[in-house]
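The values are calculated or read from the model by the stated rules, or taken from the named source; none is laboratory data. In this text, all values refer to a predicted model and were calculated from it rather than measured experimentally. Using ideal geometry, Cβ is built from the backbone for each residue, glycine included, and neighbour counts are taken over all protein chains shown.
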2 protein chains.
Amino acid sequence: MDAVLKNATRESALEALRAYTRELVPLAAMQVRVAGYDGSRLRMDAPLAVNMNDKGSAFGGSMTSLMTYAGWGLVTLQLHQAGLQADVFVADSTVRYRKPLYADLQAEAELAPEESWAPFLETLVQRGRARIQLQARIALPEGEVMADLSGRYVAIAKG
Amino acid sequence: MDAVLKNATRESALEALRAYTRELVPLAAMQVRVAGYDGSRLRMDAPLAVNMNDKGSAFGGSMTSLMTYAGWGLVTLQLHQAGLQADVFVADSTVRYRKPLYADLQAEAELAPEESWAPFLETLVQRGRARIQLQARIALPEGEVMADLSGRYVAIAKG
């Protein structure tokens with residue numbers, strides 16, 4: 001696949017994810033926005049104003065929801081780009097909330113260090129089911145990590 | 001404190017939590033409802049219809065958000081009943097999603113088995129800060145656990 005085609009596929013996958021993000025009621029209420037995708041890292045954000053707790057900082061439920069969804073979105077994009085049809089589920093996750101966040105929620109999801117996409121996609125094709133470990137974080141624009149998630153996702157081939 | 005007074009305190013704490021649950025934007029969108037509290041277990045629910053993913057099952061982000069919030073609510077009720085003013089934060093959590101849930105989200109939060117409230121409240125009074133481990137789950141009405149959370153919460157005395 002040449003670079004132009006690959007970019008077209010990525011753009012169409014990203015558009016589908018953006019449409020879905022607007023449709024899902026809890027994500028729409030959180031005003032989640034798909035901010036960008038460089039082919040390996042997916043960025044999503046949500047304004048603090050509608051995700052605030054009683055202390056004026058980001059609501060923990062919104063933070064874990066956004067990171068969980070960013071990981072789901074990343075797997076979904078990779079499947080779409082690979083031309084595979086599968087349902088994606090989060091299987092488990094561990095979240096650490098490091099500091100109260102008094103800013104908009106900016107999340108980023110990527111592969112866990114020891115993982116790669118190729119064997120995940122191959123296993124899915126061969127066995128109809130595959131698992132992958134991701135990591136996500138919410139960080140300040142200057143880079144300080146406020147919360148992080150380590151999560152396992154399962155894809156189950158359709159049909 | 002006699003039983004009548006204790007019940008009055010519990011009811012007023014519960015009313016404050018219900019009011020807060022209606023005010024918080026992401027919880028209002030999820031239509032979270034404080035379903036009941038027996039003094040040790042806090043129940044919350046949310047309808048599937050507004051918390052559904054593309055597969056027609058409960059959105060993982062809504063499940064983790066509801067369980068995280070139920071834990072927060074339980075700590076908040078205990079502090080209110082003890083007459084203590086403190087901010088409550090979730091510090092970390094581990095969630096397992098066992099099966100897709102095709103029903104309304106019914107969550108319950110309680111103390112982790114090895115924990116008790118008295119030392120937590122005493123530590124908060126003495127040191128201005130205390131931690132406690134809780135567990136929460138989302139189960140079917142007949143009892144099958146669909147997702148569970150183990151989480152640590154921190155209370156920091158106000159003023």
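Summed over region B:113-130, residues that are farther than 16 Å from residue B:85 by Cβ, under 17 Å from the mean Cα position of the chain (by Cα) and assigned to a helix (DSSP H, G or I) total 1.
Set side by side, the residues B:141, B:119 differ, and just one is of a type outside the set (Val, Ile, Thr) and closer than 23 Å to residue B:63 by Cβ, which is B:141.
The set of residues in region A:95-126 that are of a type outside the set (D, E, K, R), touching a Leu at 6+ places or on another chain (Cβ under 9 Å), buried (at least 16 other Cβ atoms within 10 Å of the Cβ) and over 24 Å from residue A:20 (Cα atoms) comprises A:95, A:101. With respect to the conditions (1) assigned to a loop (DSSP other than H, G, I, E, B); (2) over 20 Å from residue B:9 (Cα atoms), residue B:39 lacks only one, and its number is (2). Of all the criteria given as (1) under 15 Å from residue A:104 (Cβ atoms); (2) surrounded by 14 or more Cβ atoms within 10 Å (Cβ to Cβ); (3) more than 14 Å from chain B (Cβ to nearest Cβ), the one not satisfied by residue A:36 is (2). Filter region B:7-19 for residues that are touching a residue at least 12 places away in the same chain (Cβ under 8 Å) and out of contact with any Leu (no Cβ under 8 Å at 6 or more places or on another chain); which is farthest from the other protein chains (Cβ to nearest Cβ)? Here the answer is B:9.
Restricting the first member to region A:83-98 and to residues that are more than 7 Å from chain B (Cβ to nearest Cβ), and the second to residues that are assigned to a loop (DSSP other than H, G, I, E, B) and modelled with pLDDT of 95 or more, the beta-carbon pairs closer than 9 Å and six or more apart or on different chains are A:86/A:128; A:98/A:144.
The numbered conditions (1) more than 7 Å from chain A (Cβ to nearest Cβ); (2) without any contact (Cβ under 8 Å) to a residue 40 or more places away in the chain; (3) assigned to a helix (DSSP H, G or I); (4) under 15 Å from the mean Cα position of the chain (by Cα) are all true for residue B:133 except (3). In region B:47-74, the residue that is nearest to residue B:29 (Cα to Cα) out of those that are outside any helix (DSSP H, G or I) and within 9 Å of another protein chain (Cβ to nearest Cβ) is B:51.
In region A:99-127, the residue that is nearest to residue A:64 (Cα to Cα) out of those that are of a type in the set (A, V, I, L, M) and more than 14 Å from chain B (Cβ to nearest Cβ) is A:103.
Can you name the residue in region B:14-33 that is of a type in the set (A, V, I, L, M, F, W, C), touching a helix residue (DSSP H, G or I) at 6+ places or on another chain (Cβ under 8 Å) and surrounded by fewer than 15 Cβ atoms within 10 Å (Cβ to Cβ) and is also nearest to residue A:58 (Cα to Cα) among such residues? If we take residues in region B:14-33 being of a type in the set (A, V, I, L, M, F, W, C), touching a helix residue (DSSP H, G or I) at 6+ places or on another chain (Cβ under 8 Å) and surrounded by fewer than 15 Cβ atoms within 10 Å (Cβ to Cβ), then B:28 is nearest to residue A:58 (Cα to Cα).
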